[in-house]
Amino acid sequence: MIRRAQEKDTKEILKLLVQVNMVHHMGRPDLFKGPVTKYTAEQLSAMYCDNSRPIFVFEKDGSVAGYAFCIFEQHSNDNLMTDIKTLYIDDICVDENCRGQHVGKELYDYVLDFARREGCHNITLNVWSCNPGAMKFYEKCGLKPQKICMEKLL
């Protein structure tokens, strides 16, 4: 079952936030601290009530098997960008014990349908090049590169 996240999910969401952070930490320890979480319990509490930042969880056997953090974005009256409504996927994580069971695909499809119902023009997300599994997953879901961020280490 996929539903909006609630206070009761906080402990399990924090556990998953560590898992996803460790993927990034292992790939880029120069950028990502480990093991830490992107959000605190207090920040999550505020986000549960914020309709501009919906969080969805995949509940399996009474536990959170995965989540999708989303953020609505819109560039109203921008000099350059058109005035479209975007649903940005800030983070998707599937518990490492549930990977390969289509939890991520079901979460993504749910978010896609949600974005359509909300009148969004597109869905966007960022994926780190040190996470080839995520890149392969998103490409399999039909996402295409929109822009590329480049760097040079000094």
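The values are calculated or read from the model by the stated rules, or taken from the named source; none is laboratory data. Every value quoted in this text rests on a predicted model; they were computed, and no experiment measured them. Using ideal geometry, Cβ is built from the backbone for each residue, glycine included, and neighbour counts are taken over all protein chains shown. What goes into the accessible areas is simple: the full protein's heavy atoms, side chains included, and nothing from ligands, DNA or RNA. Shrake-Rupley method; radii C 1.70, N 1.55, O 1.52, S 1.80 Å.
What the table below lists for this structure:
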item	result
Hits in region 53-66 (condition: farther than 13 Å from Cys93 by Cα and within 14 Å of the chain's Cα centre (by Cα))	Arg53, Pro54
Output for region 73-130, where each listed residue is open to solvent by 70 Å² or more (accessible area, probe 1.4 Å), more than 17 Å from the chain's Cα centre (by Cα) and at positive phi	Asn77, Gly100
Scope region 134-154; condition among the small types (Gly, Ala, Ser) and either surrounded by 10 or more Cβ atoms within 10 Å (Cβ to Cβ) or in contact (Cβ under 8 Å) with a residue 60 or more places away in the chain (or both); matching residues	Ala134
Residue among Val127, Val103 that is in contact (Cβ under 8 Å) with a residue 40 or more places away in the chain, among the β-branched types (Val, Ile, Thr) and out of contact with any Cys (no Cβ under 7 Å at 6 or more places or on another chain)	Val103
Test: Asp95 is modelled with pLDDT of 95 or more, acidic (Asp, Glu) and farther than 17 Å from Leu16 by Cα	no
Counted residues, region 1-33 - those being outside any helix (DSSP H, G or I) and either among the β-branched types (Val, Ile, Thr) or open to solvent by less than 50 Å² (accessible area, probe 1.4 Å) (or both)	5
Members of region 34-53 found to be open to solvent by less than 50 Å² (accessible area, probe 1.4 Å) and either at pLDDT below 95 or on the phi > 0 side of the Ramachandran plot (or both), listed by number	Gly34
